[in-house]
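The values are calculated or read from the model by the stated rules, or taken from the named source; none is laboratory data. In this text, all values refer to a predicted model and were calculated from it rather than measured experimentally. Methodologically, a virtual Cβ is constructed for each residue, glycine included, from the backbone with ideal geometry; neighbour enumeration extends over all protein chains shown. When the accessible area is computed, the model is the full protein with side chains, heavy atoms only, and any ligands, DNA or RNA have been set aside. Shrake-Rupley method; radii C 1.70, N 1.55, O 1.52, S 1.80 Å.
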Amino acid sequence: SHVHAMSRRLLMPNQEPEKKEANNLMNAKVPDKKDREGDFEVSILLHGSWHQKRMTYSKKIITFSRVNTDDVLDIIPMKEIVQVYDSAPVETNNIRTRRKSDVTELIAEASNVFKVETIPDGFNLGRSYHLKAHSISDRHLIIQNLKDFSEHARNREMARTKFKMFQIKVQRIFDSDISQQFIGILILANFLINILSAQQDSKLRDHNGHLTDKGKMFERINLAFTLVFAIELLVNLFAHWFNSFVRSFWNLLDVVLIVLSLGAVLESNWIILRFLRTLRVLRLFGSFSSMRTMLKALGLSVNKMACYFIILSVLASICK
């Protein structure tokens, strides 16, 4: 069928968004009444003759089905309509099953004809649709609706595409080795400052428990790191929104650490804040895949080492 032929083109490997959209189009149904903008009986030119069809459309999609049924035979996404022509002539190269001498008669009989063109690389592969409304008023209404809805859908798709392209660009920059290494360096620097701060703990507060000048300096540095990591988390969230972000344990760990750190700063709870700053070094495993691999290998070896230890313990108790 036409829909399955189009789906084979759209279902390309490594194109998850396109694959999902193609599946949605293959399973398209007649628009619900609440979304329906038009429901007409029209004639469509197929193989040199007119065929009665039901044309139903929303602001996003046009469906063609058998008259008085909801069985979808063909669809046109609104965003893929290039142009809608009023009183379009019937092209002879589309007439395959009739003699050319019959074309003049066919055109003469075809009043209220209009033409819908689709984009070459879309779901319909640039197919042109010759349609015939039942009345002049139906034709004018359909044409005006299709022009308005298709223009709105194209503008919306263009804005979505620009946003998606920018998101992909941010994701590539964020996931690059240079960016991840820079983040790792910041985490290590923050960890070293925390160690230095712990070593000079007695000098950071006076006898009344107030921060000294050196203590205030360390707190400003740590607050700056917290804000930098918060910005990094927001960039990460934007670049991997949404499923790929929440599926990562390290991203969720980042969220917990950053939120608790900001809360501790606002509450001036320095004990909790210092503990959370120490935990930030765990984020190194999220920044470097080699460290994640090493951690996973260590985790897998723990079970085996535990089994060996139990066996040795049993043997040692028997030998006694």
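Residue count for the range 137-153 under the criterion of being under 35 Å from the mean Cα position of the chain (by Cα) and without any contact (Cβ under 8 Å) to a residue 60 or more places away in the chain: the result is 4.
Within the range 81-90, is there a residue that is of a type outside the set (Val, Ile, Thr), closer than 23 Å to Phe149 by Cβ, at pLDDT below 60 and open to solvent by less than 50 Å² (accessible area, probe 1.4 Å)? Yes, there is a match, as at least one residue in the range 81-90 is of a type outside the set (Val, Ile, Thr), closer than 23 Å to Phe149 by Cβ, at pLDDT below 60 and open to solvent by less than 50 Å² (accessible area, probe 1.4 Å). Among residues of the range 207-223 being open to solvent by less than 50 Å² (accessible area, probe 1.4 Å) and more than 30 Å from Gln180 (Cβ to Cβ), the one that is modelled with the highest pLDDT is Thr212. Of the residues in the range 255-267, none is within 26 Å of Lys169 (Cα to Cα) and at pLDDT below 80.
The criterion of at least 3 residues that are within 22 Å of Ser137 (Cβ to Cβ) and either free of Cβ contacts under 8 Å to residues at least 40 places away in the same chain or of a type in the set (Phe, Trp, Tyr) (or both) is met, among strands (runs of 3 or more DSSP E) falling completely within the range 29-69, by 49-57. Checked against the criterion of being charged (D, E, K, R) and touching a residue at least 60 places away in the same chain (Cβ under 8 Å), the range 231-239 contains not a single residue that satisfies it. Considering the range 154-180, and only residues there that are part of a helix (DSSP H, G or I), polar (S, T, N, Q) and free of Cβ contacts under 8 Å to residues at least 12 places away in the same chain, the residue that is nearest to Lys115 (Cα to Cα) turns out to be Asn155. Does Ile143 fit the bill of being farther than 18 Å from His51 by Cβ, open to solvent by less than 20 Å² (accessible area, probe 1.4 Å) and either part of a helix (DSSP H, G or I) or at pLDDT 95 or above (or both)? Considered against the rule, which asks whether it is farther than 18 Å from His51 by Cβ, open to solvent by less than 20 Å² (accessible area, probe 1.4 Å) and either part of a helix (DSSP H, G or I) or at pLDDT 95 or above (or both), Ile143 comes out as yes.
The single condition from (1) aliphatic (A, V, I, L, M); (2) crowded, with 17+ Cβ neighbours inside 10 Å; (3) in contact with an Asp or Glu (Cβ under 7 Å, 6 or more places away or on another chain) that Leu204 fails is (3).
For the range 224-260, which positions are surrounded by 13 or more Cβ atoms within 10 Å (Cβ to Cβ), among the hydroxyl-bearing types (Ser, Thr, Tyr) and within 17 Å of the chain's Cα centre (by Cα)? Answer for the range 224-260, where residues must be surrounded by 13 or more Cβ atoms within 10 Å (Cβ to Cβ), among the hydroxyl-bearing types (Ser, Thr, Tyr) and within 17 Å of the chain's Cα centre (by Cα): just Ser248.
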